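The values are calculated or read from the model by the stated rules, or taken from the named source; none is laboratory data. Everything numeric here is computed off the predicted structure, so don't read it as measured data. Every residue, glycine as well, gets a Cβ built from its backbone with ideal geometry; the counts of neighbours run over all protein chains shown. We work out accessible area using only protein heavy atoms, side chains counted, and drop any ligands, DNA or RNA first. Shrake-Rupley method; radii C 1.70, N 1.55, O 1.52, S 1.80 Å.
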Amino acid sequence: LRPGEVWMDRYHIKEEIGRGAMGRVMLAEDDMVDESLILKFMLPELTVDQQSAERFKREVKYARKVSHRNVIRVHDILLKDGVCAISMEYFNSRGLEAVLKEINFFETVEGLKILHQIAGGMAAAHEQAVIHRDLKPSNILIDDKWLVKIVDFGIASAGTAAEATLTQTGSIIGSPAYLAPERAEGGDADERSDIYSLGVIAYYMFSGKLPYIGKPMEVLSMHRAGDAPPIMKVNEEASPEVSKLIVKMMAVDPKARPQSMAAVHDEVKELLDRLELPEEIS
């Protein structure tokens with residue numbers, strides 16, 4: 001499909017805005033309701049067999065249940081002539097990764113405000129039993145008013161070609177740089193896996209660097225070892241309170257992490273409330 005073409009007699013293709021391991025992302029106009037939206041066209045191999053197709057449908061069905069101001073709304077699965085696409089809310093924004101490349105790292109309060117929004121959207125998803133499984137900066141969108149929205153809940157797990165990493169224990173789905181240790185060992189994902197990934201993102205947000213760098217298998221091994229340099233050694237300006245929270249979120253043992261994203265959300269809010277209090281007049 002090219003700009004100017006119409007798909008399914010309804011979706012007027014405006015431009016391609018991205019492509020990745022799972023397919024192409026197009027901005028389109030829905031002629032039926034006169035509204036812009038995103039069409040995420042999936043690679044054919046992701047839905048080529050019945051098992052993959054059913055898994056994909058199931059993941060998108062769950063993602064549709066999540067309704068929150070900090071989550072991109074999924075509308076529908078569209079199928080025509082063997083082509084599969086997901087229609088979703090259009091949000092004029094850019095990825096957190098692009099923002100970090102510009103500013104290097106966030107100041108404490110500004111970064112906590114972003115983290116608070118991410119945790120809020122994630123908590124809403126977890127309330128619906130929807131695990132992201134591939135939370136990373138490129139899946140966190142920010143507009144020019146600093147509104148945050150998370151995209152691609154569960155979709156990464158819908159096809160084996162989706163940035164999968166193989167280990168001796170089986171297929172691991174997710175980006176190695178942000179993958180929880182239990183996932184690196186082939187274990188199942190739960191809320192605490194997403195909390196770990198958000199901890200790595202927070203480390204990046206407040207230091208400008210990833211905790212572990214290397215080849216994919218080396219990075220997976222580093223996650224399991226859990227010897228990340230303390231964030232305050234990477235960025236001397238980092239807040240000790242923020243550093244403590246990140247250490248907890250990135251604990252190798254899932255039981256040592258906050259046990260829910262709602263708890264992370266509350267803890268970030270407490271930090272913000274303390275840091276934003278006006279100084280007492282002496």
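Among the listed residues ILE114, ILE72, ILE17, identify the single one that is more than 30 Å from VAL6 (Cβ to Cβ) and of a type in the set (A, V, I, L, M). It would help to see each step written out before you state the result.
Details: ILE72 fails: more than 30 Å from VAL6 (Cβ to Cβ); ILE17 fails: more than 30 Å from VAL6 (Cβ to Cβ).
That would be ILE114, the only listed residue that is more than 30 Å from VAL6 (Cβ to Cβ) and of a type in the set (A, V, I, L, M).
Residues being out of contact with any Lys or Arg (no Cβ under 6 Å at 6 or more places or on another chain) and either at pLDDT below 95 or aliphatic (A, V, I, L, M) (or both): count how many of those fall in the range 192-206. Full working, then the answer.
First pass over the range 192-206, keeping only residues out of contact with any Lys or Arg (no Cβ under 6 Å at 6 or more places or on another chain): 194, 196-206.
Then drop every residue that is not either at pLDDT below 95 or aliphatic (A, V, I, L, M) (or both), which leaves 198, 200-202, 205.
Total satisfying the criteria: 5.
Which of (1) part of a strand (DSSP E or B); (2) under 19 Å from ASP152 (Cβ atoms) does ILE13 not meet, given it meets every other one?
(2) is the only condition that ILE13 fails.
Any idea which of (1) touching a helix residue (DSSP H, G or I) at 6+ places or on another chain (Cβ under 7 Å); (2) open to solvent by 60 Å² or more (accessible area, probe 1.4 Å); (3) assigned to a helix (DSSP H, G or I) is the one LYS209 doesn't satisfy?
With respect to (1) touching a helix residue (DSSP H, G or I) at 6+ places or on another chain (Cβ under 7 Å); (2) open to solvent by 60 Å² or more (accessible area, probe 1.4 Å); (3) assigned to a helix (DSSP H, G or I), LYS209 is out only on (3).
Look at the range 46-95 and say how many of its residues are within 21 Å of ARG19 (Cα to Cα), outside any helix (DSSP H, G or I) and touching a residue at least 24 places away in the same chain (Cβ under 8 Å).
Total satisfying the criteria: 21.
Out of the residues in the range 15-56 that are open to solvent by less than 90 Å² (accessible area, probe 1.4 Å) and of a type in the set (Lys, Arg), state the one that is farthest from ASN139 (Cα to Cα).
ARG55
Here are some residues: VAL219, VAL252. Which one is touching a residue at least 24 places away in the same chain (Cβ under 8 Å), β-branched (Val, Ile, Thr) and part of a helix (DSSP H, G or I)? Give the derivation first.
Numbers: VAL252 fails: part of a helix (DSSP H, G or I).
The unique qualifying residue is VAL219.
Which pairs turn up if I take residues in the range 29-44 that are of a type outside the set (A, V, I, L, M, F, W, C) and look for partners that are loosely packed, with under 12 Cβ neighbours inside 10 Å with beta carbon separation below 7 Å, at least 6 apart in sequence or on another chain?
Matching pairs, first to second residue: PRO44/GLY82.
Is it true that ASN70 is of a type outside the set (Phe, Trp, Tyr), out of contact with any Cys (no Cβ under 8 Å at 6 or more places or on another chain) and buried (at least 18 other Cβ atoms within 10 Å of the Cβ)?
Working: of a type outside the set (Phe, Trp, Tyr): yes; out of contact with any Cys (no Cβ under 8 Å at 6 or more places or on another chain): yes; buried (at least 18 other Cβ atoms within 10 Å of the Cβ): yes.
So ASN70 passes the test.
Which ones in the range 146-166 are open to solvent by 30 Å² or more (accessible area, probe 1.4 Å) and either modelled with pLDDT under 95 or of a type in the set (Phe, Trp, Tyr) (or both)?
First, pick out the residues of the range 146-166 that are open to solvent by 30 Å² or more (accessible area, probe 1.4 Å): 146-147, 160-161, 163-164, 166.
Residues satisfying the conditions are TRP146, THR160, ALA161, GLU163, ALA164, LEU166.
For the range 17-51, name all the residues that are in contact with a Ser or Thr (Cβ under 7 Å, 6 or more places away or on another chain) and at pLDDT below 90.
Within the range 17-51, just LEU46 meets the criteria.
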